[in-house]
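Below: one structure, written as structure tokens.
All of the numbers you see were taken from the coordinates with simple rules; none came from a lab. Since this is a predicted model, take the numbers as computed values, not measurements. Because the Cβ atoms are built from the backbone with ideal geometry, glycine has one as well, and the counts that use them run over all protein chains shown.
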């Protein structure tokens, strides 16, 4: 189970059992590395721990480009959080996040003059560091290592990202998995900013609870849960017009309702951003359109 694999890596970070790879190329001293790991351990202890494996699996199976600056609302719901996932090879990715309020100790400007940051509008600065452990290909256990990479994300007061800045900690080869980490973080924050999304610790079977307690008695690993906002999102639903529409699968998407978005209220009474899970729409009597998507629980 992802939660158990995540818990094992978090336990090692909290115990300081973390090594820094590529030590000959590292930009950190040994003392500085120990301090950074200690701070990460404090964040894990004090903040929420989110298992975002489902987020990783969803976007990696979608044949869809991601517009990082246009598609995300990343106002941080927490001052401290650890956003984690387990990929298809058994690698456990641990992204330790802290949210800073202004005034900030550090500011920056992108090199691109068309993308300057208006620091007067920046409400949060997210500091994120990446650790990895778990297993490599073939199920071989690997020790926990990191921080491998760090990001700073400036976020405007409306939740949109002003800038995402990558910081190299170790001289690592180019690896697209680091881009995956940032997308998991952004999409987790995006979901957490939806009215019908909760970050909760799920009801786990007793054997799983006992195994997690043996790994770390004080650790709570939460998941992203979507609350249905209407029964019409289950089954075929009702066509939006009187013209028969072939039954088809609608990809999961974000919807906005209410005057501040220039739209009417949802069901005449709800305002906010909502995540609408994948669902079927249309009438089977008008034919069917076959589409292939990953179906989420």
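Obtain the nm distance between the two label points defined at residue 254 and residue 109 by a simple spin-label model: each point lies 7 Å from its Cα along the Cα-to-C-beta direction.
Each label point is offset 7 Å from its Cα along the Cβ direction, giving 2.8 nm.
Could you calculate the contour length gain from residue 67 to residue 1, that is, 0.36 nm times the residue separation minus the distance between their Cα atoms, to one decimal place in nm?
Taking 0.36 nm per residue and subtracting the Cα distance, the gain is 20.7 nm.
What percent do you get for the relative contact order of the range 2-224 when only Cα pairs under 8 Å and 6+ apart count?
Averaging sequence separation for qualifying contacts and normalising by length gives 26 percent for the range 2-224.
As a footprinting exposure proxy, order 122, 86, 50 by other Cβ within 10 Å, with the fewest listed first.
122, 86, 50
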